[in-house]
1. Do any strands (runs of 3 or more DSSP E) entirely within the stretch 78-154 hold 2 or more residues that are closer than 13 Å to Cys33 by Cβ and touching a residue at least 60 places away in the same chain (Cβ under 8 Å), and if so, which?
2. Restricting the search to the stretch 48-62, which residues are closer than 30 Å to Tyr311 by Cα and either within 16 Å of the ligand (Cβ to nearest atom) or free of Cβ contacts under 8 Å to residues at least 12 places away in the same chain (or both)?
3. Quick one: would you say Leu224 is among the hydrophobic types (A, V, I, L, M, F, W, C) and over 27 Å from the mean Cα position of the chain (by Cα)?
4. Scan Leu65, Leu90 and give me the residue that is within 16 Å of the ligand (Cβ to nearest atom), over 24 Å from the mean Cα position of the chain (by Cα), within 26 Å of Gly24 (Cβ to Cβ) and of a type outside the set (D, E, K, R).
5. Got a sec? Which of Leu45, Leu30 is under 30 Å from Leu312 (Cβ atoms), within 16 Å of the ligand (Cβ to nearest atom) and outside any loop (DSSP other than H, G, I, E, B)?
6. Mind telling me which of the residues Asn95, Asn110, Asn145, Asn105 ends up being in the same structural domain as Glu26 (by TED's automatic domain parsing) and either of a type in the set (Val, Ile, Thr) or away from the ligand (no atom under 16 Å from the Cβ) (or both)?
7. Scan the stretch 296-316 and tell me whether some residue there is in contact (Cβ under 8 Å) with a residue 60 or more places away in the chain, in a strand (DSSP E or B), out of contact with any Phe, Trp or Tyr (no Cβ under 6 Å at 6 or more places or on another chain) and on the phi < 0 side of the Ramachandran plot.
8. If we scan the stretch 59-67, do we find a residue that is among the charged types (D, E, K, R) and over 25 Å from Arg446 (Cβ atoms)?
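The values are calculated or read from the model by the stated rules, or taken from the named source; none is laboratory data. Not measured: the values here are computed from a predicted model. FYI the Cβ positions are ideal-geometry reconstructions off the backbone, even for glycines, and counts take in every protein chain you see.
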Amino acid sequence: MAVSLRMTGLQHNEIKKHVLTKDGKEAATLLFCQPVFRNFDVLLLVKKIEHIPYEVCAVRTKNYLSWPTEKILLPKIEKLEREGLSLVMLHSHPNGFPEFSQTDNENDLNILERLVSNIDGDQPHGSAIMLPDGEIKGRTLDENNCFIPMKKVLVAGDQIHIYLDKKIDCVKHMPGFMQKNSQIYGSKIINYFRSLRIGIVGCSGTGSPMIELCMRYNVGELVLVDPDIVEEDNLNRLVLSRLVDAKNRVPKVEVYEKWQAESGLPTKVYTFKEIVPSENTIEALSKCDIIFGCVDNVVARHSLNKITCAYLIPYFDLGVGVKMDNKTPQNLHQATVRCHYIQPDQSCLLDREAFSAERLADENHQRDDPEFYKILKEAGYTGNNEEVQAVMVFTMEAAALGMDDLKARLLCYRVDSNKDFDQQERSFTHGYYEHCSHSTKNVALRNFIATGDNHKKL
Ligand SMILES: [Zn+2]
C-alpha cells in the first residue's frame, strides 16, 4: 500500500503558523483526512485541522514535545470511526532534524497501535513532521505495525509543493535530454516532473501541444481523456495528426498513445476515450497531481473544477476565445488566450465568472436532452454558443501559458508572487498581456472540498 497526503496552500499555511513559532519550540496539530482508496494506493485529503493548544502541552522545548494524547484523542475516536476518516498527528522539528526521532518512533507506535485497534475501518492512520521550510514528511502504520513512509505530500497552493519520499527522489541515470532541461531549471525540475501524474482533459488544439510539452519535460505519467476521433477539420491544429488518422477515424487519445510509444521518451500514458465526468475518468483523474483542462465547453470545465476540489488537485483551466467582426464576418475582431489557475479552496471558475450559471445550464440541457434543447433554441430561450474554431498559434500559446504557470509554481522563479497569476490573459488582437489574483475563498463549490469519492453523492 502506498499512501500520499494532499492539502491546500491555505491549510499548509495554517499548519505552519501553529507549529513553526517564533519561540523555536516544537508544536503539534491533528489532521483529519478523507481517505480515497485506489487499488494499492490511498490518498489522504486533509479535511480538517485541529491544533493542539500550546498551553495543554506538558513539555515544549526546541527538540521535545509532550501533549496529553489520551485525553485529546479519546473523544475523537467516535468521529473518526463514524466519518471513516484517517488521523495524521503532525508535529514540528524547528531545529531542522529531517527524520522521525527515536522518541517519535516509540510514541507514535504506542498511540497509533491503539488508534488502529480502537477504530473500525480500513483507513490508515499516521504521523508527520514539519521542517522549518514547511516540508512535510509523513508515514502510516500498516497492519504489521510497521511504519510506511508516505510516497508523496502535495500542497495545492499559490506555490505547488511536492515532497517526495527519499527513495524515489533521486536521479541515478540522467539521459542527455533531461540534462538539457536541468540546465535552465536545475535538477529539482527533473525529480518534480518525473514524480508527477498529470491529467490532460481534451486532446485537441490546446491539449495536443500540452501532451508534447509534458513528454518533453519527462512527466512521469499522463492521463489523456478525450471522447472524440480525429476529423479532417481538426488537422489545422492537432499536433502530429495525419490525414490517414481522419480517414480511419482514429480516436485522438490513440494518436498520442502511439506517438509516445514511438518517441521512446520515458513518460507512461494512460488513455480514456470518454467524456468527463464518468466513473473511469473520475477514478483516473483523482490520482493525478495536476490537471490541465483543455476543453471548449463549460460543462466539462465545471465538472473538472468539481473533481479538483473534491480530490485537492491544482487545476489549470485553459481557453481560447475568438470573436469575428459582426459586420464583416471574415474579419477577426478579437483573439485571446487565457489560463485560470484554480486552488481547491479558493475561488472556482463559477466564482470568477469565467462562465455564467446560465451558460452552464444551457450546455447541460444541450448534453442531457438534445431534443428539448433544440426546442428551447428555436423558441429563443438559449444563449448564443456558436463559437469560431481556434487556430494553432492561439491554442499553442494557451498550452504554453499553462505549462509555464505550472513550472513557475513548482520552482518559484517569477519576480512577482505566484499569487498574482491566478488568471493570465493575452490578446493577439489588442496587444496586451495581463495577469491578476483571485484570492477569495471558494463559494460555489465549497461543499465539494476534500470530499473524495463522496462528492459523487452531492
Ligand atoms: Zn519529533
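1. Counting at least 2 such residues, we get 86-92, 126-130, 136-141.
2. Correct list: Ile52, Pro53.
3. Working: among the hydrophobic types (A, V, I, L, M, F, W, C): yes; over 27 Å from the mean Cα position of the chain (by Cα): no.
The answer is no for Leu224.
4. None of the others qualify; the one that does is Leu65.
5. Details: Leu45 fails: within 16 Å of the ligand (Cβ to nearest atom).
Unique residue meeting the criteria: Leu30.
6. Asn145
7. No: zero hits.
8. Looking for residues that are among the charged types (D, E, K, R) and over 25 Å from Arg446 (Cβ atoms), one finds at least one in the stretch 59-67, hence yes.
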